[in-house]
Amino acid sequence: MSAPVLTAVAWPYANGPRHIGHVSGFGVPSDVFSRYMRMSGHRVLMVSGTDEHGTPISVQADKEGLTTRQLADKYNRVIAEDLQGLGLSYDLFTRTTTGNHYKVVQELFLALHRNGYVQAKTQMGAISPSTGRTLPDRYIEGTCPICGYDGARGDQCDNCGNQLDPIDLKNPRSKINGEVPKFVETEHLFLDLPSFAGALGSWLSTRTGWRPNVLRFSENLLGDMRPRAITRDIDWGVPVPLDGWRDQPMKKFYVWFDAVIGYLSASVEWARRSGDADAWKEFWTDPAQAYYFMGKDNIVFHSLIWPSLLLGQNGEGDKGGQPGAFGKLSLPTEVVSSEFLTMSGSKFSTSRGTVIYVRDFLKQFGPDTLRYFISVAGPENQDTDFTWDEFIRRTNFELANEWGNLVNRSISMAHKNVGAIPTPTAPTAADAELKALARNAFDTVGENLRRSRFKAAANEAMRVVGAANKYLSDEEPWKRKDDPQRRDTILHTALQVVSDANTLLTPFLPHSAQKIHEALGGQGVWSSQPEIREVADLDDPSLQYPVLTGDYANDQAKWESVDIEVGRPLDKPSPLFAKLDAELGETGPDWAPIVK
Ligand SMILES: [Zn+2]
């Protein structure tokens with residue numbers, strides 16, 4: 001039996017709608033991977049949710065005239081709907097403001113604390129005088145003490161590149177409201193990261209299959225592990241379950257700390273909702289494999305910090321200890337990081353107006369064209385510019401001309417001439433060769449998907465499509481009126497390869513895959529889609545929220561070539577992919593920023 005697979009997907013931050021850069025980092029790759037893993041017989045648990053604590057949520061709530069809870073509710077729903085629209089097959093997409101999440105975060109913290117990996121320290125911290133909240137370093141600006149640049153941030157100067165401490169800035173001011181921050185003595189809890197450096201080093205040295213940039217980046221940081229604050233002066237977050245802390249309204253866990261524990265809490269919530277509260281354990285212990293998907297700005301949290309929390313919980317850092325309430329938990333099998341999708345060479349930016357929101361995109365173009373573009377032309381290994389021209393080209397030439405046309409003409413000809421899947425007779429070498437090419441692609445495409453090489457996987461699958469189109473052009477079934485047996489054999493071969501290619505492309509194009517399954521006379525669910533369910537909080541039934549979930553275990557799509565059934569009736573097919581207006585490639589749709 002294949003090992004269970006945990007797909008742990010980075011948590012989108014709930015301070016606004018997500019753009020196509022976000023979903024090209026964490027969203028589409030994790031779903032393509034999970035769908036493939038399910039198709040090849042693995043039990044998969046794909047979890048995530050919205051990350052809803054921290055200062056930027058409070059800042060955005062003030063801006064929109066909402067409470068933090070209202071703002072989190074608003075964007076939790078917007079984001080869940082967008083991810084559903086893209087067809088991301090989460091087993092559970094939840095949020096960090098649930099009673100379950102609070103309990104799991106506190107439980108994991110207590111294990112770290114008992115094992116000696118948490119220390120209290122007093123430090124000087126910046127506070128907003130008007131709210132009493134911690135003013136994070138990046139919300140403070142002033143004059144750089146090294147080069148004199150006036151726009152330096154509390155954490156670093158973009159002019160001279162030096163790392164800064166906000167207390168050293170001259171003329172410091174809050175970027176939120178311009179006030180002068182107050183520096184006060186404040187006590188915080190710190191995670192003792194240096195005591196995990198040894199264990200992390202040994203573990204990383206066993207991670208040979210990772211993308212080289214992720215591994216190199218992580219190993220470089222190992223030499224410079226310092227204690228890291230896990231609390232903040234803020235009223236919006238998970239309370240610290242220690243005497244002297246839990247009742248302080250302005251002391252909460254730092255948002256990064258609670259968010260990264262979300263992988264575990266979402267797994268626990270999924271299990272509790274499934275009726276078997278221990279069902280999560282199968283995905284967190286040997287021989288389960290755990291794959292974490294994110295953009296490159298998040299690597300450190302997944303390759304070093306989250307593993308440190310797990311090691312500390314397990315009692316496996318330098319100070320030893322005992323496993324906490326969750327027992328011994330597995331470290332990531334692989335951290336799969338994408339680079340950035342950019343626009344005219346820069347990151348998408350809401351403030352500069354250079355942003356394409358998922359919702360707008362889906363409304364005009366639907367999910368599969370975006371999923372395909374991200375998979376085949378996205379930022380898998382390097383920063384990649386999004387251009388409308390490239391998007392239109394991929395959609396028109398690869399999806400509409402190549403794939404859509406192959407499906408359409410094969411089924412149309414069989415429908416018109418036979419009305420059903422035709423009977424093959426006496427196959428030629430060309431028939432056998434094409435069928436073998438499609439069958440063999442299950443190994444090559446599958447191996448690439450297993451290793452998160454999405455571009456290579458999509459290209460290999462499209463190679464089968466290209467070969468089938470060439471086969472039809474060479475064999476010309478439309479000219480075989482005098483030899484219906486040969487015509488039917490050609491059409492049968494083409495339909496078999498359409499069926500195989502449809503399976504190979506299902507992880508990328510699950511919506512069209514369902515339609516093609518039906519167009520080939522299939523019934524029932526080929527590849528299911530996630531749905532939004534309104535649920536009550538498991539620990540506080542007065543709270544309701546939407547979760548994204550689905551039943552994927554009974555999908556018919558399996559990672560294998562299945563012989564098509566001769567005689568199955570075929571209807572006249574409808575076109576799969578509409579060709580887009582090539583002029584859109586110049587400027588994009590009128591709702592979108594102009595990208596050249
Ligand atoms: Zn400077």
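The values are calculated or read from the model by the stated rules, or taken from the named source; none is laboratory data. Just so we're clear, the structure is a prediction, and the values are computed from it rather than from any experiment. Neighbour counts run over all protein chains shown; Cβ positions are idealised from the backbone, glycine included. Please note that ligands, DNA and RNA were not included when accessible areas were found on the heavy atoms of the full protein model with its side chains. Shrake-Rupley method; radii C 1.70, N 1.55, O 1.52, S 1.80 Å.
So here's what we get for this one:
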read-out	value
Residue identified as assigned to a helix (DSSP H, G or I) and under 30 Å from Gly567 (Cβ atoms) among Asn405, Asn401	Asn405
Residue within region 200-221 that is within 16 Å of the ligand (Cβ to nearest atom) and either touching a Pro at 6+ places or on another chain (Cβ under 7 Å) or under 26 Å from His53 (Cα atoms) (or both) present	no
The listed residue being open to solvent by less than 70 Å² (accessible area, probe 1.4 Å), farther than 30 Å from Asp91 by Cβ and either modelled with pLDDT of 95 or more or outside any helix (DSSP H, G or I) (or both), out of Ile516, Ile564	Ile564
Residue count, region 535-558 (criterion: under 22 Å from the mean Cα position of the chain (by Cα) and open to solvent by 80 Å² or more (accessible area, probe 1.4 Å))	2
All positions within region 202-214 that are surrounded by 14 or more Cβ atoms within 10 Å (Cβ to Cβ) and assigned to a helix (DSSP H, G or I)	Trp203, Leu204, Asn213, Val214
Close pairs from region 485-500: first open to solvent by 10 Å² or more (accessible area, probe 1.4 Å), partner among the aromatic types (Phe, Trp, Tyr), Cβ under 9 Å, at least 6 apart	Arg487/Trp478
Pairs, first closer than 17 Å to Pro181 by Cβ and among the β-branched types (Val, Ile, Thr) in region 143-160, second more than 6 Å from the ligand (Cβ to nearest atom) and assigned to a strand (DSSP E or B), C-beta under 8 Å, six or more apart	Thr143/Lys170; Thr143/Asn171
Test set (1) near the ligand (Cβ under 10 Å from one of its atoms); (2) open to solvent by less than 50 Å² (accessible area, probe 1.4 Å) - His188 fails condition number	(1)
Wholly within region 73-169, strands (runs of 3 or more DSSP E) carrying at least 1 residues that are under 19 Å from Pro56 (Cα atoms), within 16 Å of the ligand (Cβ to nearest atom) and among the charged types (D, E, K, R)	140-143
Subset of region 429-479 that is in contact with an Asp or Glu (Cβ under 9 Å, 6 or more places away or on another chain) and among the hydroxyl-bearing types (Ser, Thr, Tyr) - its residue that is surrounded by the fewest Cβ atoms within 10 Å (Cβ to Cβ)	Thr444
Pair list, Cβ under 7 Å, 6 or more apart: region 161-179 residue within 16 Å of Arg133 (Cα to Cα) and β-branched (Val, Ile, Thr), other residue within 16 Å of the ligand (Cβ to nearest atom) and open to solvent by 60 Å² or more (accessible area, probe 1.4 Å)	none
Condition met for Leu164 (over 30 Å from the mean Cα position of the chain (by Cα), at pLDDT 95 or above, open to solvent by less than 70 Å² (accessible area, probe 1.4 Å) and not basic (Lys, Arg))	no
Complete set of residues in region 261-280 that are surrounded by fewer than 21 Cβ atoms within 10 Å (Cβ to Cβ), part of a helix (DSSP H, G or I) and in contact with a helix residue (DSSP H, G or I) (Cβ under 8 Å, 6 or more places away or on another chain)	Ala271, Arg272, Ala279
